[in-house]
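Below is one structure, written out as structure tokens; comments come after it.
The values are calculated or read from the model by the stated rules, or taken from the named source; none is laboratory data. A quick note: this is a predicted structure, and the numbers were derived from the prediction, not measured. Here the Cβ positions follow ideal geometry from the backbone for every residue, glycine too, while neighbour counts run over all protein chains shown.
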Amino acid sequence: MTTKVLAVSSECAPFAKTGGLADVVGALAKVLGDHDGECRVLLPLYRSIAHLAEGAATALELGNKFGGPVRVLTQRAAGIDLLLVDAPHLYDRPAQIYLDDAGKDWADNHLRFGLLSWVGSVIGRGGLDGWRPDVVHAHDWQAGLVPIYLRQFGKDTPPCVVTIHNIAFQGVFAPSTMGELGLDPAGFTQDGFEFFGKISFLKGGLMLADQITTVSPTYARELMTSEFGMGLEGVLRSRSHVLTGILNGIDTEVWNPGTDPVLAQTYSSRTLRRKAANKQAVLAHFGLPEDTSAPLFSVVSRLSDQKGLDIALQALPGLIAQGARFVLLGSGDPDLERGFSELASQHPDSVGVEIGFDENLAHLIQAGADTILIPSRFEPCGLTQLCAMRYGTLPIVSKTGGLADTVIDANEAALAMGCATGFQFAPVTVDKLSDALSRAMNLFEDEKAWQKVMRNAMKHPVGWERSADKVVDIYKGLLGS
Ligand code: ADP
Ligand code: GLC
């Protein structure tokens with residue numbers, strides 16, 4: 001029997017994206033269709049996707065809620081069934097999804113994502129004519145109140161899965177917001193959504209979820225430690241019987257070096273030499289000399305403390321002195337933006353930096369670079385190393401979370417066995433990263449050995465093949481079949 005799933009998320013690729021959450025929600029929605037599932041994604045109708053309202057049908061009129069009129073539209077786009085929360089007072093805004101023009105969190109984010117969760121609970125309880133989900137799947141803190149509202153307003157409600165993509169973001173707000181959010185103060189307890197005297201959307205969701213998943217097995221273990229749990233380790237330890245780590249995949253149709261339309265030249269593991277045209281295109285894009293013989297290192301990332309790029313910034317001058325080139329695409333922390341821009345002006349022939357978010361350029365860099373750096377302090381799963389492997393671009397990663405679970409370090413044993421797919425280092429220090437960079441430089445000089453690792457990486461399963469079944473098993477377990 002088909003399992004009907006309502007995914008509740010603030011992001012979904014290719015419509016609204018700031019990071020991997022979007023990719024995962026979009027890919028899962030498509031993949032579940034091939035695994036006895038039917039998924040609809042509940043997403044805010046942000047101004048940036050206002051075009052999706054054209055030709056959409058109104059599925060629900062909810063009247064005035066959370067300070068303004070709210071309705072739900074249905075639309076199918078890019079192979080995904082969307083339910084769009086149309087609430088102009090909260091979502092029809094310029095700028096980025098979470099931040100205002102000044103780069104600060106919107107002051108009413110509790111209402112913006114409280115409403116998303118509340119609508120999720122309405123549809124979960126059967127509010128939509130002709131479609132009632134068997135399971136509600138809430139992603140990250142923005143959907144954390146779904147199980148709270150389900151419990152508060154309904155009796156016969158479907159089970160709820162909460163997925164932690166990144167515990168650094170918890171949705172913590174003043175207790176005075178309880179009234180606006182329509183939360184029953186009886187839930188403001190240790191067993192509910194109270195967290196050190198405040199309201200925590202994520203903690204509330206974790207307490208009431210029927211199952212909790214996170215995005216890699218290693219992160220599932222790390223989350224229960226004080227080093228990684230960010231204050232919620234105790235909550236997760238108390239709920240460990242319902243916590244599972246399931247590795248993310250990427251959409252292997254979107255990330256396919258054999259068909260990717262933005263590449264200068266498509267290629268496969270059998271035509272590795274054709275990758276060079278992409279390297280040349282990347283060098284040209286960044287105005288660097290188009291000699292492809294020097295190794296090209298890269299970063300495509302949010303610039304945040306999580307990603308350890310301050311460490312990279314310190315290690316890079318040493319790498320460049322050894323003759324490597326480096327390009328970065330990213331945006332976020334102003335200090336990091338400035339730091340990388342300065343590095344580019346100090347090394348105009350070796351370093352290219354573009355501050356911004358550019359999906360096409362991300363694909364081109366993945367295809368053109370020789371390696372990608374991901375020196376994260378923590379990384380729940382990480383998708384860029386998976387994209388890189390698929391494109392034969394060797395990831396250099398810290399040994400944490402999903403990075404530890406997906407990359408096989410090119411140490412002597414792995415090279416001898418012919419199974420290495422990249423480079424790992426630990427802990428996240430300049431010295432250890434520099435060692436890994438030097439190891440990569442050395443291996444690059446041995447073309448045959450490097451190409452062997454490229455081929456291994458390209459063969460490594462990075463799609464949803466195995467993980468989709470595990471997600472479906474969680475749903476089926478909840479439905480008792
Ligand atoms: P996170 O979700 O923590 O940012 P992931 O590795 O899971 O990290 O996912 C990041 C996603 O966002 C990938 O699809 C990556 O290609 C994309 N991405 C990150 N920064 C940029 C950027 N500046 N431009 C385009 N895509 C980016
Ligand atoms: C988060 C994490 C990242 C993960 C992504 C998708 O943004 O930082 O590691 O890959 O979610 O689950």
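Per-structure values
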read-out: Residue within segment 390-402 that is in contact with a Lys or Arg (Cβ under 8 Å, 6 or more places away or on another chain), among the hydrophobic types (A, V, I, L, M, F, W, C) and farther than 18 Å from Gly258 by Cα present; value: no
read-out: Residue in segment 350-373 that is over 27 Å from the mean Cα position of the chain (by Cα), assigned to a helix (DSSP H, G or I) and surrounded by fewer than 19 Cβ atoms within 10 Å (Cβ to Cβ) present; value: no
read-out: So Gly401, is it under 18 Å from Val462 (Cα atoms), under 18 Å from the mean Cα position of the chain (by Cα) and more than 8 Å from ligand 1 (Cβ to nearest atom); value: yes
read-out: Qualifying residue in segment 268-281 (condition: within 23 Å of Gly422 (Cβ to Cβ), in contact (Cβ under 8 Å) with a residue 24 or more places away in the chain, in contact with a Lys or Arg (Cβ under 8 Å, 6 or more places away or on another chain) and in a loop (DSSP other than H, G, I, E, B)); value: yes
read-out: Looking only at segment 7-60, and only at residues there that are aliphatic (A, V, I, L, M) and in a loop (DSSP other than H, G, I, E, B), the one that is nearest to ligand 2 (Cβ to nearest atom); value: Ala13
read-out: Hits in segment 119-139 - residues which are at positive phi and in contact with a helix residue (DSSP H, G or I) (Cβ under 6 Å, 6 or more places away or on another chain); value: none
read-out: Verdict on Asp291 being at pLDDT 95 or above and either within 16 Å of ligand 2 (Cβ to nearest atom) or outside the structural domain of Gly103 (by TED's automatic domain parsing) (or both); value: no
read-out: Qualifying positions in segment 431-481 - in contact with a Leu (Cβ under 6 Å, 6 or more places away or on another chain) and in a loop (DSSP other than H, G, I, E, B); value: Val462
read-out: Check on Phe378, in a strand (DSSP E or B), buried (at least 19 other Cβ atoms within 10 Å of the Cβ) and not basic (Lys, Arg); value: no
read-out: Segments classed as helices (runs of 4 or more DSSP H), wholly inside segment 149-261, with at least 1 members that are surrounded by fewer than 19 Cβ atoms within 10 Å (Cβ to Cβ) and within 16 Å of ligand 2 (Cβ to nearest atom); value: 217-222
read-out: Checklist (1) in contact with a helix residue (DSSP H, G or I) (Cβ under 7 Å, 6 or more places away or on another chain); (2) away from ligand 1 (no atom under 16 Å from the Cβ); (3) outside any helix (DSSP H, G or I) applied to Pro427, failing item; value: (1)
read-out: Pairs, first farther than 21 Å from Gln280 by Cα and hydroxyl-bearing (Ser, Thr, Tyr) in segment 327-347, second assigned to a helix (DSSP H, G or I) and away from ligand 2 (no atom under 16 Å from the Cβ), C-beta under 8 Å, six or more apart; value: Ser331/Glu337
